[in-house]
Amino acid sequence: MKTKRKTDKVNIVTLGCSKNIVDSEELYSQLKANKFEVEHESIKDDANIVVINTCGFIDNAKQESIDTILRFAEAKKVGEIDKLYVTGCLSQRYMPDLQKEIPDVDKYFGTTHLPQLLKTLGADYKHELIGERLITTPSHYAYVKISEGCDRPCSFCAIPIMRGNHVSKSIEQLVTEAKGLVKKGTKEILLIAQDSTYYGLDIYGERKLAELLNRLSDVDGLEWIRLHYAFPSQFPMEVLDVMQSKSNICKYIDIPLQHTSDNMLKAMRRGITSARTQEVVDKIREKVPEIAIRTTLIAGHPGETEKDFEDLCKFVKYNRFDRLGIFTYSHEEGTHSGTMIDDVPQEEKERRAAVVMDIQQRISSELNQKKVGKTFKVLFDRKDSGYFVGRTEFDSPEVDNEVLVDAKNNYIRIGDFAQVKITSAEDFDLYGSVLS
Ligand code: SF4
């Protein structure tokens, strides 16, 4: 039996996406400001209060969240922790079921219940902290959530159920947030949202992503600004002009396309056609020639025919995306697709996803070979297994490719940039040496 702590200590556990990381960082910052002892993802296991920030996106993510809750519920049963609280998307979406199924949790909270959670922990919600977030990522890069929620009707997606409608933060607030992060050593910010291209429509009555990028690029000390979660339909092309004209905006865009056949784009209610999707990709490359495009696709959505899948493979082969991920469709109750017949068998979903990743692996390998002999500006994130590991402006943390530099012959401070000459390439990662 562990000795009882005299003072409370909170351990915050984050599951899911970068937007959840930002939410956990806001909770962390609020507790610190309330003079709480708090850690994020503590490995010391010495906290007596645990807050789990869950993910409720698709099957695998939901299962991971449930397993984590059960693990800490067990720890509570055997007296290893005193209090267990659960927040985030799974809790927002399934609160009544969770309260019934896992009653050992002291209290469940929704995605917008930070003040209530703080009150339950005995802390006050400090408004003045807005924009003063402590980050849990390596100090040289930080996620900046430019809006919450989503107004899109995508058939397969449960996010609007968990995150509500689209709410943008003001440009002023985001510029203040960016300045605050730079003061604490951040050099790269990653702009995240459910749909970043919708930015401003709610509070300014027009799309303001281009203006936001412009304003952020004027923040001294910000070396890289990276754009994630763009939406193809009604894509604001002026964003590309700003990206091309500003050296500290990464020539990088993450634009989940999900599919390409008209049949599937219609069933998915993506509000765009196959032809228009191709036009958007072509325009992005025309306006920012050296851009790296990351996209995400879904295999096995209800009604996906062999022909639809062939079209998807042709599209991936033709467009040679720099970075690509693919999910197998997850049948989510409460979504429009959830009312359809899930007619593509699971193994066939997985086979199709594997076929697409094989195509992508070959493309990535060919694109990487062309980088051998070239020099890139690299931001170093960590030291790992005898290598300094970093990224070019064409790579986002956690999801994209990396550059490995042998630590025996080179010395680099983590969080620093360095010019690296690429000496060899693998399917995804690159190897190189630092140019002095
Ligand atoms: S844009 Fe579509 S897929 Fe993305 S969060 Fe909104 S509804 Fe979901």
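The values are calculated or read from the model by the stated rules, or taken from the named source; none is laboratory data. Keep in mind that what you see is a predicted model, and the values were worked out from it rather than measured. Heads up, the Cβs are rebuilt from the backbone with ideal geometry, glycines too, and the neighbour counts pull from every protein chain shown. Calculation scope for accessible area: heavy atoms of the full protein, side chains included, ligands and nucleic acids excluded. Shrake-Rupley method; radii C 1.70, N 1.55, O 1.52, S 1.80 Å.
So the values come out like this:
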read-out	value
Pair list, Cβ under 7 Å, 6 or more apart: the range 254-275 residue away from the ligand (no atom under 16 Å from the Cβ), other residue open to solvent by less than 20 Å² (accessible area, probe 1.4 Å) and not β-branched (Val, Ile, Thr)	Ser261/Asp308; Ser261/Leu312; Asn263/Asp308; Thr273/Leu265; Ser274/Ser261; Ser274/Leu265
Lone unmet requirement of (1) out of contact with any strand residue (DSSP E or B) (no Cβ under 8 Å at 6 or more places or on another chain); (2) exposed (fewer than 15 other Cβ atoms within 10 Å of the Cβ) for Leu367	(2)
The range 325-359 - residue that is assigned to a strand (DSSP E or B) and touching a residue at least 40 places away in the same chain (Cβ under 8 Å) and, of those, farthest from the chain's Cα centre (by Cα)	Phe327
Residues located in the range 332-355, provided they are in contact with a helix residue (DSSP H, G or I) (Cβ under 6 Å, 6 or more places away or on another chain) and crowded, with 18+ Cβ neighbours inside 10 Å	Glu332, Arg352
Among the residues listed as Leu209, Leu213, Leu297, the single one being within 21 Å of the chain's Cα centre (by Cα), more than 16 Å from the ligand (Cβ to nearest atom) and on the phi < 0 side of the Ramachandran plot	Leu213
Residue ID - farthest from the ligand (Cβ to nearest atom), chosen from residues in the range 118-150 that are assigned to a loop (DSSP other than H, G, I, E, B) and open to solvent by less than 30 Å² (accessible area, probe 1.4 Å)	Ala123
Given (1) part of a loop (DSSP other than H, G, I, E, B); (2) without any contact (Cβ under 8 Å) to a residue 40 or more places away in the chain, index of the condition Lys383 fails	(1)
Single unsatisfied condition, Lys377 versus (1) open to solvent by 60 Å² or more (accessible area, probe 1.4 Å); (2) in a strand (DSSP E or B); (3) over 21 Å from His228 (Cβ atoms)	(3)
Residue in the range 267-287 that is of a type outside the set (A, V, I, L, M) and within 18 Å of Tyr141 (Cβ to Cβ) present	no
Members of the range 204-233 found to be of a type in the set (Gly, Ala, Ser), surrounded by fewer than 21 Cβ atoms within 10 Å (Cβ to Cβ) and over 15 Å from Ser170 (Cβ atoms), listed by number	Ala210, Ser217, Gly221, Ser233
Pairs where the first residue, in the range 27-49, is touching a residue at least 24 places away in the same chain (Cβ under 8 Å) and the second is in a loop (DSSP other than H, G, I, E, B) and open to solvent by less than 40 Å² (accessible area, probe 1.4 Å), C-beta under 6 Å, 6+ apart	Ser29/Arg133; Leu31/Ala123; Asn34/Ala123; Asn48/Ile81
In the range 152-200, residue most open to solvent (accessible area, probe 1.4 Å) [restricted to those that are of a type in the set (S, T, N, Q) and touching a residue at least 60 places away in the same chain (Cβ under 8 Å)]	Gln194
Positions within the range 80-116 being part of a helix (DSSP H, G or I) and either among the polar types (S, T, N, Q) or touching a residue at least 24 places away in the same chain (Cβ under 8 Å) (or both), in sequence order	Cys89, Leu90, Ser91, Gln92, Arg93, Tyr94, Leu98, Gln99, Leu114, Gln116
All positions within the range 62-86 that are open to solvent by 20 Å² or more (accessible area, probe 1.4 Å) and either touching a helix residue (DSSP H, G or I) at 6+ places or on another chain (Cβ under 9 Å) or among the polar types (S, T, N, Q) (or both)	Lys62, Gln63, Ile66, Glu80, Asp82, Lys83
The range 293-324 - residue that is charged (D, E, K, R) and part of a loop (DSSP other than H, G, I, E, B) and, of those, most open to solvent (accessible area, probe 1.4 Å)	Arg320
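Results for (1) among the hydroxyl-bearing types (Ser, Thr, Tyr); (2) modelled with pLDDT of 95 or more, shown as yes or no for each residue.
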{"site": "Thr176", "(1), (2)": "yes, no"}
{"site": "Ser196", "(1), (2)": "yes, yes"}
{"site": "Val242", "(1), (2)": "no, yes"}
{"site": "Lys246", "(1), (2)": "no, yes"}
{"site": "Cys250", "(1), (2)": "no, yes"}
{"site": "Arg270", "(1), (2)": "no, yes"}
